[in-house]
Each structure stands twice: as C-alpha cells, then as structure tokens.
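See structure below.
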Amino acid sequence: HLFVSSLNDVRNLIPHAKQKLNNDGSVWISWQKEPKQATDLNMHTIQHVAEKNGFITNEPILLNDNWWGIELVN
C-alpha cells in the first residue's frame, strides 16, 4: 500500500512497486481527497502512470472522508 501526496511520488514509486510484485500481485495507492495544497494528483493522472507501467487499474474508491484509493493489478 502506497500513500502518495504528489504526482512525482506516483512516478517514482509505481516502477519500484512493479519490480517487487509477483505476476498476479497488486498494490494499492491512496491519496488525500482534498489536499491542503494544490496538486496535479488525481485519479486520472495515477491511472495514466500506472497503465504506462503495465498495470491494470480498477475503479478508485473513497476509503473514508479524507482518502481515495485505487488498486493496481500486475
């Protein structure tokens, strides 16, 4: 499970997660629903980076009042 606060976090962490997973593995990425600072981080940017790295993305879900999550499947 990766908690990210910027698109740079996503770009840096997704390739590392990909290397560590088994062929049928998955990883969750979570980000704040309404970050305190403006950010380029959202469902679409995360999905784009994940798919460029060979992941299949599921629909994001609202984990609680503050956090979104999306499962990336290897």
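Just so it is clear, none of the values below were taken in a lab; they were calculated from the coordinates. It should be emphasised that the depicted structure is a prediction, and the values quoted were computed from it without experimental measurement. Here the Cβ positions follow ideal geometry from the backbone for every residue, glycine too, while neighbour counts run over all protein chains shown.
Given the condition within 13 Å of Leu72 (Cα to Cα) and among the acidic types (Asp, Glu), answer yes or no: does some residue in the range 10-24 qualify? Checked against the condition, which is being within 13 Å of Leu72 (Cα to Cα) and among the acidic types (Asp, Glu), the range 10-24 yields at least one hit. Restricting attention to the range 46-74, the residues being more than 9 Å from the chain's Cα centre (by Cα) and within 14 Å of Val4 (Cα to Cα) number 3.
Residue count for the range 22-69, restricted to those that are within 17 Å of Asn8 (Cα to Cα) and among the hydrophobic types (A, V, I, L, M, F, W, C): 9. Filtering the range 7-45 to residues that are out of contact with any strand residue (DSSP E or B) (no Cβ under 6 Å at 6 or more places or on another chain) and aliphatic (A, V, I, L, M) leaves Leu7, Ile14, Leu21, Ala38, Met43.
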